[in-house]
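Just so you know, all these numbers are worked out from the coordinates, no wet-lab data involved. What you are looking at is a predicted structure, and each value in this text was computed from that prediction instead of being measured. Every residue, glycine as well, gets a Cβ built from its backbone with ideal geometry; the counts of neighbours run over all protein chains shown.
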Amino acid sequence: MAAPAARILVIEDNALLRAQLQRLFADAGMEVEFASDGLAGLQMALDAPPDVLVLDVGLPGLDGLRLCERLRTHADRHVPVLMLTARDALEDKLQGFRAGADDYLVKPFAGAELLARCQALTVRHRSGETHVLRIGTLRIDRRQGQAARQDRPLDLHQTAYQILLALAEAWPRTLTRSELIQRLWGDAPPDSDPLRTHLYLLRQALDKPFATPMLKTVHGVGFRLQADA
């Protein structure tokens with residue numbers, strides 16, 4: 001039996017872009033609904049959670065950041081959120097992740113990339129999946145943006161948390177360095193080695209206080225998590 005078509009909810013106030021996205025998703029065989037303001041879109045997402053929410057940041061009624069925060073607080077399941085914005089500064093992206101976004105795409109964007117990111121989100125987040133990921137004694141609450149191991153909270157800065165979340169969502173697969181860099185910084189990574197410091201900080205919080213390390217380096221490939229129980 002063929003898998004049901006992915007359901008996409010787009011909250012975007014630009015009528016021309018909505019029309020373009022209507023054609024794009026329909027041609028890809030996806031079901032798509034639209035809202036043009038934040039309050040109406042939030043209610044739609046809570047009433048019938050989509051497989052992916054494509055969310056503009058600059059919205060009337062309720063902006064995308066506040067909408068995402070309210071969705072994370074009130075939804076009874078994890079709704080994957082892809083934020084669309086013309087703001088491309090690193091701090092803008094980090095604000096989106098802090099609000100609860102799963103991915104971030106800067107306008108203007110290629111339709112093929114938007115489709116690929118939506119498809120990736122539907123794979124990473126199964127329909128009806130809870131907010132909580134568990135790998136061994138590691139517990140990640142995506143609603144709260146918090147992680148704990150052996151019931152001990154992990155003190156993680158935002159980027160280290162996003163690395164851990166990406167690895168947990170991919171588990172047991174190994175993520176390459178380029179996949180992690182793309183997930184965190186898109187096409188505009190920092191000039192220096194963007195992962196070294198953040199991986200060090202993640203290891204300090206995730207592994208150093210415990211007997212068994214979970215963050216594994218797969219030499220020549222990338223990084224993965226290994227269950228500790």
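Couple of notes before you dig in:
- Largest mean-square fluctuation among 159, 85, 176, in a Gaussian network model of the chain whose springs join Cα atoms under 10 Å apart, belongs to 176.
- Sequence-distant contacts, meaning Cα pairs under 8 Å at least 6 residues apart, place the relative contact order of the chain at 14 percent.
- Sequence-distant residues sharing a close amide H with residue 57 (under 5 Å, placed H): 84
- Remark on residue 10: its backbone amide H falls under 5 Å from those of 33, 34, 35, 54, a criterion applied only to residues 5 or more positions apart or on other chains, H modelled at 1.01 Å from N.
- Per-residue 3J(HN,Hα) values for the stretch 216-229, derived from phi via the Karplus relation 6.51 cos²θ - 1.76 cosθ + 1.60 with θ = phi - 60°, read 10, 8, 9, 4, x, 10, x, 9, 8, 9, 10, 4, 9, 7 Hz in sequence order (x marks Gly and Pro).
- FRET E, pair residue 119, residue 23, Förster distance 25 Å, beta-carbon r, rounded to 0.05: 0.90
- Anisotropy class assigned to the stretch 1-60 is oblate, per the alpha carbon gyration tensor with a/c at or over the 1.5 cut-off and a/b no larger than b/c.
- Residues with amide H under 5 Å from that of residue 146, placed H, sequence gap 5 or more: 141
- Euclidean distance between Cα centres, the stretch 142-175 to the stretch 1-79, Å: 25
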